[in-house]
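Only one structure is covered here, and it is reproduced in the block below.
The values are calculated or read from the model by the stated rules, or taken from the named source; none is laboratory data. Because the structure is a prediction, the values reported are computed rather than measured. Don't worry about glycine lacking a Cβ; one is built from the backbone with ideal geometry, like all the others, and counts go over all protein chains shown. Ligands, DNA and RNA are excluded from the accessible area calculation, which covers all protein heavy atoms including side chains. Shrake-Rupley method; radii C 1.70, N 1.55, O 1.52, S 1.80 Å.
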Amino acid sequence: MLSRKKSGKEKYTPKYFRNWKIIPLAIGPLFKALSHPDANFPNKNKLLFSNSILDTLRLRKKLLLHKLVYFNNQYYSTPTIPAFPSKDYDRMVLKGGLNFLSAGSEIKTQIDSVFLAITNKCKLKCGYCYERQNINKTEDISSAKWNEIIKSLQNIGVNVFILSGGEPLLAFDSLIEILSSGDKDQSDFHLHTSGNSVTPQKVRQLKEVGLKAAAIGLDDFDEERHDKIRGKGSFADAVKALELFNEAGILTYVNFCVSKDMLLSDRLYKYYEFTKGLNVSMIQLLEPRPCGGYFYNGSGAWLDEKEKKKLIEFTLTGNKNRNYRNHPLIYYVAHIEGKEQLGCHMGGLSHFYIDSRGNVCPCVFFPIKYGNIIEEDILSIYKKMRENLPFPIHTECPSLLLADKCRELFKEKKQIPIPFEPIQDQIDNLYEESRSHSSSFTDTNKKSPSKGQ
């Protein structure tokens, strides 16, 4: 598992397994969880859990996820599922976390990932940053408050807490306090960072308090192009961070917001080789969205159907072609939550976001809020959000479809994120449209109740 660098430092190299290997890896932890003494589910739910093995295998194929990652003695299937074997993976299964096609129902209450912007402090100026409107403007929420939020949400069940910002490494004391307090037997904890201010000492401390994975923002393998997007010196910081986290045995993946320039210049596979050389385990492939820095002037960055097709082909080739069997798993978020796939899983169906001012938003890319953790109990806010976003939306991305309405409301309300009430009718209309697009492979969405039932 371990190989040596010429410098003498240890280097953890990820390994990858194909579809045939997924079957025994999925069955073992599933039945281990089902025999757990805390398994208080009725027999019919246990049967549904058992059936979810086949559903999961079929779903992974449809979502182009043809690899598992093996890193530092654990397996990783996506950035939103706990590493296994582990207690938090078993707990996730017990709470129906494998019932991906049942989001919004009583047999899938587990939240896949919660993004917590623990600071708004940042030295970079990334054009697309979804936290852009908050950067360097207010005092940070206390680590005690974040610990309270994490504990409350773990009572519902959360696979992965993602600690972001701003730049969380600039709020290092708070970051350490939050990680030290979080229950690692219930959830994995990931860090989203640019790498700015990273040091070997910081990485060692993060490892000691239980950080499971670090995602580094890496938008290009060319230093000049990357720094033009994020700021001078950001490329060097990102590469340094990837190397240091890997040397510490912390899994690394990259957040890659794909630009038209990257696609037009056919440089995707060079990027792929570059990340492989840094022992990156996964690429989280992102599309630009109308939020943050792109709220008003990003429409020229949206990808067209031809460009999206290129990304689908890249994902399929990278995850399935034997020539890339030792390359990172590609996790194409917009495809996975596309209208013909899972549909949009915002609002806690899979994920949601709390910004650095405490606003609870259904998605990092959709600037509306259902409440604020400083003013209201998180569980009350979560309940309100779930009632208004009861099951997946099978349309184009709601943040794109409702961008004009969001901008109109911003001019009127003079605040962002926008309160959900004046836009909820438009979201409800998307649910009506969604019924004609529900994916054929899921019966759950066809049976989903109408809002208010």
Computed about the Cα centre, the charge dipole of region 100-147 from +1 Lys/Arg and -1 Asp/Glu charges at the Cβ has a magnitude in debye, to the nearest 20, of 320 debye
Let's see if you can work this out: charge +1 on each Lys and Arg Cβ, -1 on each Asp and Glu Cβ, no other charges. What is the dipole magnitude of region 135-179 about its Cα centre, in debye to the nearest 20? 180 debye
Please state the shape class of region 80-205: rounded when a/c is under 1.5, otherwise prolate if a/b exceeds b/c and oblate if not, all from the C-alpha gyration tensor. prolate
Using the Cα gyration tensor of region 185-224, with a ≥ b ≥ c the square roots of its eigenvalues, what is the shape: rounded (a/c below 1.5), prolate (a/b larger than b/c) or oblate (neither)? oblate
Charge-dipole axis of the chain as Lys and Arg at +1 and Asp and Glu at -1 on Cβ define it, positive-most pick from SER102, SER194, THR252: THR252
SER197 and LEU54 label points (each 7 Å along its Cα→Cβ direction) are spaced in nm at 5.3 nm
Take each complete run of DSSP H in the chain, measure how far its Cα atoms stretch along the helix's own axis, and keep only those covering 24 Å or more with mean Kyte-Doolittle hydropathy at least -1.0; list them. 43-62
Options PRO392, LEU402, GLN133, ranked by Cα towards positive dipole end of the chain, top entry (Cβ charges): PRO392
Going highest first, how would you order 413-421, 234-242, 68-76 by mean Cβ packing within 10 Å? 234-242, 68-76, 413-421
Say the dipole of region 232-337 comes from +1 at the beta carbon of Lys and Arg and -1 at that of Asp and Glu; which of ALA334, GLY292, ASN321 then lies farthest toward its positive end? ASN321
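Can you pick out the pairs among LYS260/LYS383; LYS232/LYS270; LYS339/LYS413 whose Cα atoms lie more than 29 Å from each other? Don't jump to the answer; show the numbers that get you there.
Details: LYS260/LYS383 38 Å; LYS232/LYS270 22 Å; LYS339/LYS413 31 Å.
Listed pairs above 29 Å: LYS260/LYS383; LYS339/LYS413.
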According to a simple spin-label model (label point 7 Å from Cα along Cα-to-Cβ), what is the distance in nm between LYS270 and ASN429? 4.4 nm
Sorting ARG204, ARG91, ARG407, ARG230 by accessible area (1.4 Å probe), largest first, what list results? ARG204, ARG91, ARG407, ARG230
So, with +1 on the Cβ of K and R and -1 on the Cβ of D and E, and no other charges, what is the size of the charge dipole of the chain about its Cα centre, to the nearest 20 debye? 1420 debye
Beta bridges per DSSP with both ends in the chain, % antiparallel, nearest 5: 30 percent
In whole angstrom, how far apart do the alpha carbon centroids of region 250-324 and region 168-235 sit? 20 Å
Chain lengthening between GLU139 and ASN321 when straightened (0.36 nm per residue, less Cα-Cα): 60.7 nm
Accessible surface of the chain [probe 1.4 Å, protein heavy atoms]: carbon and sulfur percent: 50 percent
When ligands, DNA and RNA are left out and all protein chains stay put, how many square angstrom of accessible area per residue does the chain have with a 1.4 Å probe? 42 Å²
Any cysteines in the chain with zero other Cys Cβ atoms under 4.7 Å from their Cβ? List them, or say none. CYS122, CYS257, CYS291, CYS344, CYS361, CYS363, CYS397, CYS406
Table column - 3J(HN,Hα) (Hz), region 321-326, Karplus curve with 6.51, -1.76, 1.60, x for Gly and Pro: 5, 5, 5, 10, 5, 10
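Based on DSSP H runs of at least 4 residues, each adding -39500 (n - 2.57), what is the mean residue ellipticity at 222 nm of the chain after dividing by all its residues, to the nearest 500 deg cm²/dmol?
When only DSSP H runs of four or more count, the value is -11500 deg cm²/dmol.
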Mark the label point 7 Å from the Cα of GLU376 along Cα→Cβ and return the residues of region 145-180 whose backbone N is within less than 17 Å of it. 149, 153
Taking the structure as given and computing Cα extents along the principal axes in Å, which label from [x] 62, 58, 46; [y] 83, 66, 36; [z] 63, 54, 47 fits? [z]
Inter-label distance for ASP261 and GLU307, nm, one decimal - labels placed 7 Å from Cα along Cα-to-Cβ: 1.3 nm
